[in-house]
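The values are calculated or read from the model by the stated rules, or taken from the named source; none is laboratory data. Nothing here was measured: the structure is a model prediction, and the numbers come from that model. Every residue, glycine as well, gets a Cβ built from its backbone with ideal geometry; the counts of neighbours run over all protein chains shown. The accessibility values were calculated without ligands, DNA or RNA, using every heavy atom of the protein model including side chains. Shrake-Rupley method; radii C 1.70, N 1.55, O 1.52, S 1.80 Å.
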Amino acid sequence: MKNYVSMFVMIIVGFILQTTLFRHLRIAGVSPNILVILTAIAGTMYGQYCGLFTGVISGLFVDMMFSSIIGVNIFIYAVIGFIIGMTNKMYIEDDLIFPTMTIAIIYGVLFYVLKFLLRGRLRLTDYLINTIIPELIYTIILGVIVFKFAHWLDRKLNPPEPVHLGVETKPDDEQ
């Protein structure tokens with residue numbers, strides 16, 4: 001339950017940062033997608049259901065704020081959270097570029113298919129060069145920083161418990 005509450009708080013902070021600060025820090029006409037990074041964090045750290053939860057909430061925020069149709073971004077973010085969550089056992093804490101790059105590519109392709117291709121806009125190369133690649137680079141760079149912060153915060157909120165192997169040792173003065 002702590003994981004869901006902490007992710008919800010991070011979603012709110014990330015949404016506020018994405019809609020205010022990072023709108024003004026555009027590079028090559030794109031800004032990083034903080035909410036897709038947080039969805040990937042939830043999936044890699046806490047599994048598929050927390051990733052799905054984070055994806056649905058993040059997508060809902062984006063749909064309510066920017067979209068005329070509710071559900072498209074919910075679907076995109078939920079798929080990303082669930083897929084990354086299913087593969088969370090494959091990632092190690094230090095390997096942050098691969099999950100960040102994976103979610104950025106999945107997001108770019110799903111966004112293109114659902115927002116452009118289904119409407120008959122077939123200029124994939126323009127969208128790839130002007131949007132997907134710059135957003136991919138920006139999201140990867142920022143994603144590594146946010147992943148490090150999320151792992152640090154997780155260690156503070158959920159400190160590792162000592163593992164007892166069933167072997168009891170006697171203090172030195174009893175031996």
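Quick notes on this structure:
- Sequence-distant contacts, meaning Cα pairs under 8 Å at least 6 residues apart, place the relative contact order of region 1-74 at 27 percent.
- For the pair Ile137 and Ile69, a Förster radius of 35 Å applied to the C-beta separation gives a FRET efficiency near 0.80, rounded to the nearest 0.05.
- The chain, relative contact order in percent, only Cα pairs under 8 angstrom and at least six apart counted: 22
- Note on the chain: helix-only mean residue ellipticity at 222 nm, from DSSP H runs of 4+ residues weighted -39500 (n - 2.57) and normalised by residue number, equals -21500 deg cm²/dmol.
- Whole-number accessible area per residue in Å² for the chain, which is evaluated in the context of all protein chains at 1.4 Å: 60
- Angle of helix 48-66 to the longest C-alpha principal axis of the chain, folded into 0 to 90 degrees and rounded to 10: 30°.
- Accessible surface of the chain [probe 1.4 Å, protein heavy atoms]: carbon and sulfur percent: 68
- Neighbour-limited loop hits for trypsin sites (Lys or Arg not before Pro), region 1-47 (at most 16 other Cβ within 10 Å; DSSP other than H, G, I, E, B): Arg23, Arg26
- Accessible surface of Ser67 - all protein chains present, 1.4 Å probe, nearest 10 Å²: 30
- Using alpha-carbon coordinates, inclination of helix 72-86 to the longest axis of the chain, degrees: 30
- For the chain, the Cα-based Rg and Dmax, in that order, read 19.2, 80 Å.
- Angle between the chain longest axis and helix 34-46 axis [Cα atoms, degrees, rounded to 10]: 30
- Region 25-39 residues near the modelled Arg123 label - backbone nitrogen below 19 Å, point 7 Å along Cα→Cβ: 28-31
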